[in-house]
1. When the dipole is taken about the Cα centre of the chain, and only Lys, Arg (+1) and Asp, Glu (-1) are charged at their Cβ, what size is it in debye, to the nearest 20?
2. Read through the labelled values [x] 21, 46, 26, 8, 0; [y] 26, 56, 17, 1; [z] 25, 50, 21, 4, 0 and report the label of the one computed as P(r) over Cα pairs in 20 Å bins from 0, in percent from the structure.
3. Between rounded, prolate and oblate, where does the range 145-199 land on the alpha carbon gyration tensor, with a ≥ b ≥ c its root eigenvalues, rounded for a/c under 1.5, else prolate if a/b exceeds b/c?
4. ³J(HN,Hα) across the range 408-423 via Karplus (A = 6.51, B = -1.76, C = 1.60, θ = phi - 60°), whole Hz, x for Gly/Pro?
5. How charged is the neighbourhood of residue 453? Take every other residue with its Cβ under 14 Å from the Cβ of residue 453, and add Lys/Arg as +1 and Asp/Glu as -1.
6. Could you tally the net charge around residue 63, taking each other residue with its Cβ under 9 Å from the Cβ of residue 63, Lys/Arg +1 and Asp/Glu -1?
7. At 222 nm, what helix-only mean residue ellipticity would the chain give, in deg cm²/dmol to the nearest 500, using -39500 (n - 2.57) for each DSSP H run of four or more?
8. For the range 379-389, just list the computed ³J(HN,Hα) in residue order, Karplus coefficients 6.51, -1.76 and 1.60, θ = phi - 60°, integers in Hz, with x standing in for Gly and Pro.
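The values are calculated or read from the model by the stated rules, or taken from the named source; none is laboratory data. Computed from a prediction, not measured in an experiment: that's the story for all the values here. When we count neighbours, we look across all protein chains shown, and the Cβ atoms used for this are built from the backbone with ideal geometry, even at glycine. What goes into the accessible areas is simple: the full protein's heavy atoms, side chains included, and nothing from ligands, DNA or RNA. Shrake-Rupley method; radii C 1.70, N 1.55, O 1.52, S 1.80 Å.
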Amino acid sequence: MKKIIIFSLITFTFNAFAQDHFTGVTTSSRVGILNAGINPAELPNLSKRFEVNIYGLSLNFSNNIIGLKDIDSDTNIEDLLFTGDRIVNAAADIEYAGPGMAMKWKQWGFGISSKGHIKFDLVDIDPKFGNAIFNRDEITESDPTLLIKNDYNQRMTGVSWGEIGFSAGRTVFENEKHRFNAGITFKLLFPGSYANLGIDKFEGKVSTFDPNPLITDPYLTTSQPVNINFSYSGNLADRFTDANDYINSVFGKLGGVGTDLGINYQMKDGDKKYKINAGMSIRNIGSLTFKDSNNSSNSYTLDIPEEGPNRLYLNDVNDTESLVELESYLYDRGFLSGEKSNKDFRVKLPTLLSIYGDFKVYHKFYITGYLQQKMGDNNENRQITAQNSYSIIPRINLGYFEAYIPFSSNEISGSNTGLGLRLGGFYMGSSSVISTLSSNTKKVDFNMGFRWAFL
């Protein structure tokens with residue numbers, strides 16, 4: 001169990017740093033296919049008649065406990081994560097924007113896009129619970145019992161999936177000063193792998209009392225039955241400890257559809273420019289259906305009485321390396337009540353409400369406001385997580401060259417400051433790089449890519 005969590009955290013912390021993907025580029029006044037990714041109603045506003053997306057990559061890691069300056073070669077990740085009284089949240093994901101194209105024709109805009117997603121999250125982990133499992137020094141002879149009680153669902157979850165989107169937008173009204181657009185994206189979804197462990201409203205204790213004086217391992221008991229969920233499909237069922245298992249399973253078989261809906265308004269400033277460009281969209285409406293021979297999605301009752309023939313020793317839990325192994329260990333020892341099943345199951349996409357406005361302040365200088373609100377509950381076992389965030393992005397756009405400084409905040413890592421550049425179709429940026437250099441930021445992200453626009 002320890003290997004599952006800690007390896008995943010280290011892998012994503014240092015190899016992939018995600019929620020606010022391509023910050024700054026997606027709201028640029030150089031409108032392209034990335035803008036349509038947050039609002040398909042932007043397609044009629046394309047800066048050129050055609051655009052081809054070559055590649056795009058956005059990496060992001062955020063947490064609410066560990067600052068970048070806290071990490072060095074001697075760092076013990078679990079010591080840092082579960083020290084103190086704060087509930088632990090961490091989110092890491094990768095978004096890859098693959099080949100795609102967009103075109104503008106009369107009052108219409110059309111687009112085809114491909115994307116891959118990889119995510120890993122810790123949601124509302126009780127620090128006492130984490131500390132009991134990973135740092136058992138608190139359980140001593142002088143204080144042999146640690147009481148644990150919480151009233152929420154603690155989750156460890158990972159997912160990978162791919163999608164192909166077909167988008168269309170149309171100008172529904174236009175005169176010399178104003179333009180209104182509407183747009184829609186229809187997505188074919190390709191679930192790859194999924195794994196979830198959810199422990200809801202845990203109440204119990206960790207003790208070292210044992211009738212056998214030769215046994216000193218701490219053991220876990222519950223004060224009342226606890227609801228626990230095991231769900232897994234694909235590569236992540238057998239292993240949670242290899243980054244290649246995420247990467248190799250991004251595109252699975254067709255298993256779901258999704259939709260984005262959006263509207264857009266422009267206060268025009270000449271033929272191809274604007275004073276205000278504002279929009280609102282609801283993205284990722286839909287769900288993934290996982291179908292695999294090793295599928296499992298089971299909700300059990302976990303009951304570990306203090307008096308009984310078996311004890312749940314934490315060292316044994318730490319020796320498990322997959323959710324399948326952990327589930328079997330608990331089930332075979334009678335700690336889980338409920339029937340195992342292998343069946344298809346659905347997982348909700350991270351539905352988001354996005355609202356933004358880009359304002360021309362003076363000549364080539366613009367300022368953007370962006371707000372992202374999640375519409376799902378991260379504590380649900382079959383919900384892909386998302387973060388609430390907002391950003392203010394001043395930018396200067398000289399046509400071929402653009403520079404911007406995102407000031408952003410999300411609900412996990414707090415406030416950050418970044419920097420981004422665009423040179424023609426090439427872009428590179430981060431919403432946290434300046435904070436990384438000047439403060440102990442809890443977020444690290446980076447994005448870059450290239451698209452080619454013409455005519």
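1. So the magnitude is around 3200 debye.
2. The calculated read-out lines up with [z].
3. oblate
4. Coupling constants for the range 408-423: 10, 8, 10, 5, 9, 9, x, 8, 8, 10, x, 7, x, 9, 10, 10 Hz.
5. Around residue 453, the charge tally is +4.
6. Net of charged neighbours comes to +2.
7. Rounded to the nearest 500, the figure is -3500 deg cm²/dmol.
8. These are the phi-based 3J(HN,Hα) values: 7, 6, 5, 10, 10, 6, 6, 8, 10, 6, 7 Hz.
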